[in-house]
Amino acid sequence: MKVAGLLNKVIVIESLAEGELKTGTRLFEDQLMHLDSKVENLSAEIFPVEDADAFIRCLRTISERIPKEAIAPIIHLECHGDEDGLMLADGSHLPWNRFRNELIKINFASRLNTLVVVGAELW
C-alpha cells in the first residue's frame, strides 16, 4: 500500500504511572513498531514521558522535526485527564490551554496536516 500526500508518521506519547498497563507501549509493540515494513511512507515511534515539562519538551521536539523531516503526524496520546487537562505519570497536570498552544505550533509546522488522538481515561 502506498501512502502519498497523507499523514506519514504515528507518534505515540505515553504517560502512565508505574504499575498501570502501558497501553501506548502495547499499541506500539503490537501494531505500530513495524508499520514501515507494511505500509510505504508510514512509520511510527513512541515517546514515554513522566511529567508535564517532559511532555511539553516532547511536543516541541516533534514541532522542530516536522519541517526538517517532512512529517505529517498522527499524534496518539495515552495518559489520564480531567476537565482541566492531562494527568501525567508522576501526577503532574498539564492544562488544556498549555497543551493547545503546543499543538497549534505543531499544526502550523505541518501546514495543517496533523491528527491528534487522545486515549485519556477521565479521572
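Please treat every number below as a calculation from the coordinates, not as lab data. Worth saying up front: this structure is predicted, and the values here are computed from it rather than measured. As a convention, Cβ positions derive from the backbone with ideal geometry for all residues, glycine included, and neighbour counts pool all protein chains shown.
Rounded to the nearest 20 debye, the dipole magnitude of segment 9-118 is 640 debye, with +1 charges on Lys and Arg beta carbons, -1 on Asp and Glu beta carbons, and the Cα centre as origin.
Here Phe108, Phe47 are placed in order of increasing Cβ neighbour count within 10 Å, fewest first, which gives Phe108, Phe47. For the chain, the relative contact order comes to 31 percent (Cα pairs under 8 Å, sequence separation of at least 6).
May I ask for the percentage of alpha-carbon pairs in the chain that lie more than 17 Å from each other? Tail of P(r) above 17 Å: 55 percent of Cα pairs.
A simple spin-label model places pseudo-atoms 7 Å from Cα toward Cβ; at Thr25 and Leu122 they are separated by 2.9 nm.
The antiparallel fraction among DSSP beta bridges confined to the chain stands at about 20%. With a cut-off of 14 Å between beta carbons, the residues surrounding Asp84 carry a summed charge of 0, where Lys and Arg count +1 and Asp and Glu -1. Between Leu59, Leu21, Leu32, the GNM of the chain built on Cα springs shorter than 10 angstrom shows Leu21 fluctuating the most.
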